[in-house]
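Here the structure is laid out as structure tokens; the discussion comes afterwards.
The values are calculated or read from the model by the stated rules, or taken from the named source; none is laboratory data. Everything numeric here is computed off the predicted structure, so don't read it as measured data. Note that we place each Cβ from the backbone using ideal geometry, even for glycine, and neighbour counts take in every protein chain shown. Remember, those area values only see protein heavy atoms, side chains included, never the ligands or the DNA or RNA. Shrake-Rupley method; radii C 1.70, N 1.55, O 1.52, S 1.80 Å.
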Amino acid sequence: MNLKLIRDLTLKLVLLLFVLSILWVLVYKWFTPPATLHMIERRAKAGQEKKVNPRIRYDFVSLEDVTPNVPLAIMAAEDQLFLVHDGFDYKAIKGAFKKNLKSKRIAGGSTISQQVAKNVFLWHGRSYIRKLVEAYFTMLIEFFWSKHRIMEVYVNIAEMGDQVFGIEAAAQKYYHTSAKNLSASQAALIASVLPNPIKYSVKKPSSYTLKKRRFVTRNMRLMGGITSVKLLMQDAI
């Protein structure tokens, strides 16, 4: 096989992957992700551990059926610049990079957009290759989706407890209500266990989680309350 043929095949493969990735992103702009790799992994792990009920709780709802307290709490906890950045918080990335050079514990700096790219299209894990692909999908969803859609997908597919994915499943499990009826305090507590809802619990919050809830609640007020997310809730295009 000559070099020209190898080069041509490589270019065609790269072009095919590029087109497929765009189509994939466009499909999920309009349609509900049936599941994610992380959900499948959690389901498999629950089966291996022979849990009584290994099923995954996942109930996708529109952002209009979620109280504004939820996206506000999510931004207050995870990404206060969500509405204005292009998918990346460069200051946070730089800070995480410097911290990682000095510590064996890898610090994050991911925005909500990056977390959506990872959770919907990729696998969990820490490697520079995955981060590179994550950055690529982050740029795609920022270009093709609205902020409304990015937040809508995030609040539905984010892990919010053991085998619990999305705000509707979390609201039903922890508070026996719907995502539309969560109070600001309840939304803040759910947001406070992110991004590690296995280590931290909504049902039995540790002193650290309760301290973080106070931090999230304060940020919610400083951000202007639910009035600050009105445009997000309306921007469904």
**Prompt:** Just a yes or no: is a residue in segment 169-181 surrounded by 23 or more Cβ atoms within 10 Å (Cβ to Cβ), under 16 Å from the mean Cα position of the chain (by Cα) and farther than 16 Å from Asp79 by Cβ?
**Reply:** yes
Of the residues in segment 30-41, those that are part of a helix (DSSP H, G or I) and either free of Cβ contacts under 8 Å to residues at least 40 places away in the same chain or open to solvent by less than 50 Å² (accessible area, probe 1.4 Å) (or both) number 4
Considering only helices (runs of 4 or more DSSP H) wholly within segment 63-163, the ones with at least 1 residues that are at pLDDT 95 or above are 69-78, 112-121, 128-144, 147-157
Q: Take Lys131 and decide whether it is more than 29 Å from Leu26 (Cα to Cα) and open to solvent by 40 Å² or more (accessible area, probe 1.4 Å).
A: no
Note: among Pro205, Pro195, just one is more than 24 Å from Ala35 (Cβ to Cβ) and assigned to a loop (DSSP other than H, G, I, E, B), namely Pro205
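One line per residue, one yes/no per condition, for (1) over 28 Å from Pro54 (Cβ atoms); (2) touching a Lys or Arg at 6+ places or on another chain (Cβ under 6 Å); (3) not hydroxyl-bearing (Ser, Thr, Tyr):
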| position | (1), (2), (3) |
| --- | --- |
| Val133 | yes, no, yes |
| Tyr136 | yes, no, no |
| Glu142 | yes, no, yes |
| Tyr154 | no, no, no |
| Met160 | no, no, yes |
| Val164 | no, yes, yes |
| Ala171 | no, no, yes |
| Tyr175 | no, no, no |
| Ser185 | yes, no, no |
Counted residues in segment 189-237 being surrounded by 13 or more Cβ atoms within 10 Å (Cβ to Cβ) and charged (D, E, K, R) come to 3
| request: Inspect segment 43-60 for any residue being of a type in the set (Val, Ile, Thr), open to solvent by less than 50 Å² (accessible area, probe 1.4 Å) and modelled with pLDDT of 95 or more and give the result as yes or no. | output: no
By residue number, the members of segment 148-165 that are open to solvent by less than 10 Å² (accessible area, probe 1.4 Å) and farther than 24 Å from Asp86 by Cα are Met160, Gly161, Val164, Phe165
Return yes or no: is Leu63 open to solvent by 30 Å² or more (accessible area, probe 1.4 Å), in contact with a helix residue (DSSP H, G or I) (Cβ under 8 Å, 6 or more places away or on another chain) and under 17 Å from Trp145 (Cβ atoms)? no
For Leu23, the lone unmet condition from (1) open to solvent by 70 Å² or more (accessible area, probe 1.4 Å); (2) within 27 Å of Glu152 (Cβ to Cβ); (3) more than 18 Å from the chain's Cα centre (by Cα); (4) modelled with pLDDT under 95 is (4)
